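I have placed the structure first, in the form of structure tokens, so that the comments after it can refer back to it.
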Amino acid sequence: MAVENNNETLTEEDKIEETVVEQPDGLPPEVMVEGEEEVEERPQDDFNANLAEAMDERTLKDMARELADEYKKDKLSRKEWEEAYIKGLDLLGTRYQEVTKPFKGASGVTHPLLAESVTQFQAQAYKELVPSDGPVRTQVIGLQTPQTEQQAERVKDYMNYLLMEEMEDYTTDMDQMLFYLP
């Protein structure tokens, strides 16, 4: 069925598409009524596109230089930590070795759980045998008087001083020995 309007012939479908939805009373003009959303057509950009292909060469070079500088700063800032880590492994007696048997690049550790158990034992034993107030304890045998208790305290303090301050290798050797023990 066709309806003639302003010298044009409209079909029923055209007539439906031309119907204007009026804004209901009481709604502000910025509120959209269902069915009248405006669809803006934009070209779809590929989300995974390589952004560097669209960038200026000078900008890319500046970014690369900045990245390399930041990497060098990061390496330099952790150099002290890396040296301490390597020294700690040396004190524990752990060495990295190139193993070629049974194949090149094989691990020198029999089982990772074994290494973890040894390290756990060493850490707990060291904590017990070398506490923060020193490894030496004293006990008065016989009659306890204020003089003998004071003397025992002086002996304990002096022995702890000798072990912890004067014997420079005591703590490192004790640490390494507790690692070798298990």
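Since every read-out is calculated from the coordinates, none of them should be taken as a lab result. Note that the structure is a prediction, hence the values are computed from the model and not measured. With ideal geometry, Cβ positions are generated from the backbone for all residues, glycine too; neighbour counts draw on all protein chains shown.
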Next on the checklist: What's the ranking of 132-140, 80-88 by average number of surrounding C-beta atoms within 10 Å, highest first?
Outcome noted: 132-140, 80-88
Item to check | Distance between the stretch 154-182 and the stretch 47-86 - C-alpha centres, whole angstrom | outcome: 45 Å
Checklist entry - When you count, for each residue, the other Cβ atoms within 10 Å and take the mean per peptide, how do 162-171, 51-60 rank with the highest first? => result 162-171, 51-60
Checklist entry - When we measure straight from the Cα of LYS87, which lysines land under 19 angstrom away, once same-chain ones fewer than 8 places off are left out? => result LYS75, LYS79
Checklist entry - What full-extension length gain, to one decimal in nm, is calculated for LEU143 and THR171 as 0.36 nm per residue of separation minus the Cα-Cα distance? => result 6.6 nm
Checklist entry - Computed FRET efficiency, Cβ-Cβ of ALA52 and LEU76, R0 41 Å: what is it to the nearest 0.05? => result 0.90
